[in-house]
């Protein structure tokens, strides 16, 4: 769980330090935008921007019942972010599995990618697709 928050915290710590330095030097007008920028970077790279993750077993059961794709992802992955943001509201219709929180999800990704944890890996009707275009995923909904 803590590994997912390392990247966001690595944005927040220097951002707070720079903003505090600017504030102490008397530049409150400069400190606020810097702090807001680093907070935004931290939020974008955190698990907060993704729909709630479920375990791999639960995602497979739900996908079998409703036919929706499963997306295996991890926080900080720029390709996962691209997929999430380009899908927009449709992202909530998918089953998301955070491979850093779920060892079974990580094992499923490694099995599909010759031992690599390449994400996003999308499972549709038993077939895996690595880093598919958001438009392609949207057509599978």
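The values are calculated or read from the model by the stated rules, or taken from the named source; none is laboratory data. Note that this is a predicted model, so its numbers are computed, not measured. Reconstructed Cβ throughout: ideal geometry from the backbone, glycine too, with neighbour counts over all protein chains shown.
When you check residue 65 against the structure, is it surrounded by 19 or more Cβ atoms within 10 Å (Cβ to Cβ), at pLDDT 90 or above and not in a strand (DSSP E or B), yes or no? Before the answer, list the steps.
Working: surrounded by 19 or more Cβ atoms within 10 Å (Cβ to Cβ): no; at pLDDT 90 or above: yes; not in a strand (DSSP E or B): yes.
Answer is no for this residue.
Given the structure, is residue 122 closer than 27 Å to residue 6 by Cβ, surrounded by 20 or more Cβ atoms within 10 Å (Cβ to Cβ) and either out of contact with any helix residue (DSSP H, G or I) (no Cβ under 9 Å at 6 or more places or on another chain) or not assigned by TED's automatic domain parsing to the domain that holds residue 6 (or both)? Against the criterion (closer than 27 Å to residue 6 by Cβ, surrounded by 20 or more Cβ atoms within 10 Å (Cβ to Cβ) and either out of contact with any helix residue (DSSP H, G or I) (no Cβ under 9 Å at 6 or more places or on another chain) or not assigned by TED's automatic domain parsing to the domain that holds residue 6 (or both)), residue 122 qualifies. Quick check on segment 7-16. Is at least one of its residues assigned to a helix (DSSP H, G or I), in contact (Cβ under 8 Å) with a residue 60 or more places away in the chain and more than 30 Å from residue 126 (Cβ to Cβ)? Yes: one or more hits. In summary, residue 93 fulfils each of the numbered conditions (1) in contact with a helix residue (DSSP H, G or I) (Cβ under 6 Å, 6 or more places away or on another chain); (2) surrounded by fewer than 19 Cβ atoms within 10 Å (Cβ to Cβ) with the single exception of condition (1).
Identify all residues within segment 119-141 that are outside any loop (DSSP other than H, G, I, E, B) and under 9 Å from residue 69 (Cα atoms); write none if there are none.
122, 123, 124, 137
Within the bounds of segment 38-52, is there any residue that is more than 29 Å from residue 17 (Cα to Cα) and in contact (Cβ under 8 Å) with a residue 40 or more places away in the chain? Yes, segment 38-52 contains a residue that is more than 29 Å from residue 17 (Cα to Cα) and in contact (Cβ under 8 Å) with a residue 40 or more places away in the chain. Of all the residues in segment 8-21, those that are within 23 Å of residue 78 (Cα to Cα) and touching a helix residue (DSSP H, G or I) at 6+ places or on another chain (Cβ under 8 Å) number 6. Restricting segment 75-99 to residues that are out of contact with any strand residue (DSSP E or B) (no Cβ under 9 Å at 6 or more places or on another chain) and not in a helix (DSSP H, G or I), which is farthest from residue 7 (Cα to Cα)? In this case the residue turns out to be 77.
Each row is one residue, and each column tells you yes or no for (1) over 10 Å from the mean Cα position of the chain (by Cα); (2) modelled with pLDDT of 95 or more; (3) surrounded by 16 or more Cβ atoms within 10 Å (Cβ to Cβ); (4) not assigned by TED's automatic domain parsing to the domain that holds residue 20.
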{"site": "54", "(1), (2), (3), (4)": "yes, no, yes, yes"}
{"site": "76", "(1), (2), (3), (4)": "no, no, yes, yes"}
{"site": "88", "(1), (2), (3), (4)": "yes, no, no, yes"}
{"site": "112", "(1), (2), (3), (4)": "yes, no, yes, yes"}
{"site": "115", "(1), (2), (3), (4)": "yes, no, no, yes"}
{"site": "133", "(1), (2), (3), (4)": "yes, no, no, yes"}
